[in-house]
1. For volume of the Cα convex hull per residue in Å³, the choices are (i) 200; (ii) 139; (iii) 151; which was calculated from the structure?
2. Among 142-148, 7-13, 176-182, what's the highest-first ranking by average C-beta atoms within 10 angstrom per residue?
3. Cross-link candidates for Lys3: which aspartates and glutamates have Cα within less than 16 Å, leaving aside residues fewer than 8 places away along the same chain?
4. Report the extension gain between Arg107 and Ser246 in nm, rounded to one decimal, defined as 0.36 nm multiplied by the number of residues separating them, less their alpha carbon distance.
5. What is the distance in Å between the Cα centroid of segment 1-66 and that of segment 94-168?
6. Quick one: order Lys110, Lys191 from most to least accessible surface, probe 1.4 Å.
7. Work from the charge dipole of the chain (Cβ charges, +1 for Lys and Arg, -1 for Asp and Glu, about the Cα centre) and give the residue of Pro162, Thr12, Gly97 farthest towards its positive end.
8. For Phe237, what accessible area in Å² do you get when you roll a 1.4 Å probe over the heavy atoms of the protein chains, rounding to the nearest 10?
Amino acid sequence: MHKIAFQLGSFTIYWYGILVALAFLAGLWTASRRALHDAIRGETIVDLGPWLLLGTIVGARALFVISYWREDFAGKPLWQVLNIRGGGLVFYGGLIGASLACLAYVRIKKLPLWKIADILAPSIALGHAIGRIGCLMNGCCYGRVCDLPWAIRFPSGHESYPSRVHPTQLYESALNLGLYAFLAWRFQRKKFDGEIFALYLLAYSVLRAFVESFRGDYPFAYRGLLTPAQMLSLPIFAAGAFLWWSLSRAQPKTPNSKS
């Protein structure tokens, strides 16, 4: 854990912000390259970038504020809601916000929604793999106490110190990297438009629910059983299953499909 990357005079640059920015750029670049295989111009994906960035930040911050209002924001100045430099973003909120921004963009530009969604899906996993390293550097999203050989200890001053905990940030980063590789491979072999995005929703919701079982940073769990992210994983999985079922029935096979 090392939050600060460097100082520019009195202005502090955090590793969290650097890695989140790198995650977004890596995701956007790989998606722009992938677009060519689906007859979409790479520039179209680049132009979509600012919409995705705004939607991601607004959605991720909004869900964090809603989830942790009582613990972190009640009774404090309202401007704290906008202070995201040190962290305080929820991935599922970012996914929902980015999805809404993408939907608005493709409607305005009259682009094929499910082709665009398939192009973006693997890169979401790649960006998330990089972004979770930012969580490790920031000391957030940490795991439960354990004595496994690969357990980590955060420095003095961290909430978990002096205990050793599950490196949940690394668990999720590695699993997202594997998901990226699988989705990028499957993209070349997809049977219908929307398949890759549906697969992403199905796979990530299971991946996230699994990693959440090792998390130790939540002040509460839903009725003592599930974390907030595990609760959200249920409708995300259901949405992925519905998309797979409906799109596979409604659309003809794509030119990329193989028997």
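The values are calculated or read from the model by the stated rules, or taken from the named source; none is laboratory data. Predicted model only: the values in this text are computed from it and were never measured. With ideal geometry, Cβ positions are generated from the backbone for all residues, glycine too; neighbour counts draw on all protein chains shown. Side chains are part of the model used for accessible areas, which takes the heavy atoms of the whole protein and leaves out ligands, DNA and RNA. Shrake-Rupley method; radii C 1.70, N 1.55, O 1.52, S 1.80 Å.
1. Label (iii) holds the value from this structure.
2. Sorting 142-148, 7-13, 176-182 by mean packing, highest first, produces 176-182, 142-148, 7-13.
3. Glu159
4. This chain segment gains 48.0 nm when fully extended.
5. Taking the Cα centre of each part, segment 1-66 and segment 94-168 sit 12 Å apart.
6. Numbers: Lys110 170, Lys191 65 Å².
Largest to smallest exposure gives the sequence Lys110, Lys191.
7. The residue sitting most towards the positive pole is Gly97.
8. Result for Phe237: roughly 90 Å² accessible.
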